[in-house]
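Student: Structure incoming, see below.
Read-outs: derived from the displayed coordinates by stated rules, not from any lab. Since the model is a prediction, treat every value here as computed from it, not as a measurement. Here the Cβ is made from the backbone with ideal geometry for all residues, glycine too, and neighbour counts use every protein chain on show.
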Amino acid sequence: MDINLNSRELIAEKSQNYKLVIFRKAVALMALGLLVLSSFVIDLSTGPAMLNIFDVITSLTNPESLSKKVNIIVRVIRLPIATMAILAGAGLAVAGMEMQTILNNNLASPYTLGISAAASFGASLSLIFGYAFLPKSMNNYATPIFAFAFSLLSSFFIYSVGKAKKDRGTIILAGIAISFMFTALNSILTYFVPDEILRIITNWAQGSILGATWEQDMIVFVVLVIVTPILFRESWKLTSLCMGENTAAALGIDVEKLRTKVLILSSVITSISVCFVGTIGFIGLVSPYIAKSLVGEEQRFFIPASMLTGAFMLSVSSVLSKVAIAGVQIPLGIITSIIGIPFLLVLILRQGR
Amino acid sequence: MALEIQNINYKHSSKFSLNNINLAFDNNVTAIIGPNGSGKSTLMKCIVNIYKCDGDIYYQGEKLKKQRKEFIKQKVGYLPQTSQNDASITVFEAVLLGLMNTLTLKVSKKQEQKVNNILDAFELQHLAKNKINELSGGQLQMVLLAQSIIKEPEILILDEPLNNLDVHRQFSLLNTISNLAYEKKMIVIIVMHDINLAARYADNIIVMKEGKVYSHGTPEKVLTNEMVREIYKIDSEIYVNKQGKQVIEFVDIAAETDKYKLVSQI
């Protein structure tokens, strides 16, 4: 009788094993969701005119009861920008996270691999030639397309380097080389452009979401809504990559095909995010690191956790950019770099072990 | 014979190549031995389609052509020689990955049960919630073995599974595998370096040298002083122990090779 009881308890305990792990991860995701929501509201309340958080919430839920001025500040001026912080943060984070997964390198991200710099160069190119040759209405579309083309180009370069040289350091070094190259090319371009475009390019290079519009928000949102489910569908395959490519291949996965597919998807997300917000570094590097320590590398949770962490980080950066120095709005890219660099150093030191 | 490979040729570099390999495997345990770089792992990778090689593979008399990939997915379990130990997933999830073919976004009760059963069988249940990067080398090896076995493959290919294992675990792993082979009538192919363990556990032994099959057959037939001298450049004495198994005692580096070559190189 005793034995039976014991074994029944044992079975119950075992089935708890997996459920408990899942439960913990779900709680982590919910906590992240709450953090994103709160920083979003705080982001809406901060700026040259500081608003009461309750006014912000009222303006979002019941605008009629507030003055027109508050509604304009919250709903017209700040809402598209705060939304872009969430969307671009999530996009950069998931792109960085998948690049880390397929290249098997914790230091990979759109920024460290030079993909942001390449997109930035593509955008500058389109701004220059676009202004010269294209009708104004086309400019909005030319920039993302140019940014995408160049980010894809650099992604494939990185990918082929990774294929030829298997060690982890080489990929990052190649990324640094690409980053320098495109930054230099960008600098050359800026010598030949009128001041008006120079200002846009500089804004770009420093990363800014202030110009975000609903139309841009919509584009980033649509891309995320299309790409994320595809990544989810591959989540088990991507998870197996964390045990090494031999193990993944042993499980019957066509590793090369998976890598190419996911690399293209990550490049799409990167370029779409980067082309509207400019070069914002470290979100794609730091968010996966934090997400991994919260939920591990099982991608069904790793994907949303990275996205939420990225959204939270960029949203908080947006708040900091407005409140760090009174009366001055610091470019967002500078804030994320200040937060991200210590993380990068930690990652480099850990990788060396 | 259940699994046959014919005219397997593979060229990667001079060190990792295979030259016209013809072999047959039955529903029992086959050990593949040979010096480093003799092509053991390369051959395994060719069989599981990680390396694309020339040649034919037959399973139960049927030639596998286009369906080879699907066949590997469904029926072959493979434990690679190296895998990463810094993964941030739990042991439970790692073993679950072995069911890759059937995994969807929602893990079913049945899949969960399967993982728990195999964790029990391998005495890994207490580690279920631990992460891969917290395991010792031996524990990781057992997890990977569980991962390759969970889908109940008909063919199990293990590339140096005894690495990182202490003597007790080496015996326990080989006991588990040979029991599985007989109970489930599995074809088990194990690449290993320990000739004595090969003699003890394998029904057949294949000796490889420089990308070719040097000899194959029962341990009694294959394990000879000449083979050991030829393949490993070691003089040995071979006798039969109380259990009727051959035991190879290594005496010294064979006389005709320069004993002090290594030393003088240093």
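Student: Please determine whether any residue of segment A:317-335 is buried (at least 19 other Cβ atoms within 10 Å of the Cβ) and on the phi > 0 side of the Ramachandran plot.
Tutor: Checked segment A:317-335: no residue is buried (at least 19 other Cβ atoms within 10 Å of the Cβ) and on the phi > 0 side of the Ramachandran plot.
Student: Could you tell me how many of the residues in segment A:257-288 are crowded, with 24+ Cβ neighbours inside 10 Å and within 14 Å of another protein chain (Cβ to nearest Cβ)?
Tutor: Residues meeting the conditions: 1.
Student: Moving on to the next point. What are the pairs with Cβ atoms under 7 angstrom where one residue, in segment B:60-78, is touching a residue at least 12 places away in the same chain (Cβ under 8 Å) and the other, located anywhere, is in a strand (DSSP E or B) and of a type in the set (Phe, Trp, Tyr)? Sequence gap at least six, or different chains.
Tutor: B:PHE71/B:TYR59
Student: May I pose another question? Quick check: anything in segment A:55-73 under 30 Å from A:GLY327 (Cβ atoms) and either in a loop (DSSP other than H, G, I, E, B) or among the aromatic types (Phe, Trp, Tyr) (or both)?
Tutor: yes
Student: In segment B:113-137, what residues are acidic (Asp, Glu) and more than 11 Å from every other protein chain (Cβ to nearest Cβ)?
Tutor: B:GLU123, B:GLU134
Student: Failed condition for A:PHE54, given (1) exposed (fewer than 15 other Cβ atoms within 10 Å of the Cβ); (2) of a type in the set (Phe, Trp, Tyr); (3) touching a Ser or Thr at 6+ places or on another chain (Cβ under 8 Å), with all others met?
Tutor: It fails just one condition, (3).
Student: Which condition number in (1) touching a Pro at 6+ places or on another chain (Cβ under 7 Å); (2) within 25 Å of A:GLY252 (Cα to Cα); (3) away from every other protein chain (no Cβ under 14 Å) is the one that B:ILE205 fails?
Tutor: Result: B:ILE205 fails condition (2) only.
Student: Regarding segment A:227-246, can at least one residue be identified that is touching a Ser or Thr at 6+ places or on another chain (Cβ under 6 Å), away from chain B (no Cβ under 14 Å) and either surrounded by fewer than 22 Cβ atoms within 10 Å (Cβ to Cβ) or touching a residue at least 24 places away in the same chain (Cβ under 8 Å) (or both)?
Tutor: Scanning segment A:227-246, I find no residue that is touching a Ser or Thr at 6+ places or on another chain (Cβ under 6 Å), away from chain B (no Cβ under 14 Å) and either surrounded by fewer than 22 Cβ atoms within 10 Å (Cβ to Cβ) or touching a residue at least 24 places away in the same chain (Cβ under 8 Å) (or both), so the answer is no.
Student: One residue is enough: does segment A:206-219 have a residue meeting the conditions of a type outside the set (S, T, N, Q), closer than 24 Å to B:THR104 by Cβ and either facing chain B (nearest Cβ under 10 Å) or surrounded by fewer than 22 Cβ atoms within 10 Å (Cβ to Cβ) (or both)?
Tutor: no
Student: May I ask you to list the residues in segment A:208-243 that are under 18 Å from A:VAL94 (Cβ atoms) and not in a helix (DSSP H, G or I)?
Tutor: If the condition is that a residue be under 18 Å from A:VAL94 (Cβ atoms) and not in a helix (DSSP H, G or I), then A:ILE209, A:GLU234, A:CYS242 are the ones that fit.
Student: Which residues, counting only those in segment A:298-353, are among the polar types (S, T, N, Q) and farther than 28 Å from A:VAL227 by Cβ?
Tutor: A:GLN329
Student: Just checking: which of the strands (runs of 3 or more DSSP E) contained wholly in segment B:31-102 hold 1 or more residues that are more than 9 Å from chain A (Cβ to nearest Cβ) and charged (D, E, K, R)?
Tutor: Fully inside segment B:31-102 and qualifying: B:54-59, B:62-64.
Student: Taking A:SER293, is it in contact (Cβ under 8 Å) with a residue 24 or more places away in the chain and assigned to a helix (DSSP H, G or I)?
Tutor: no
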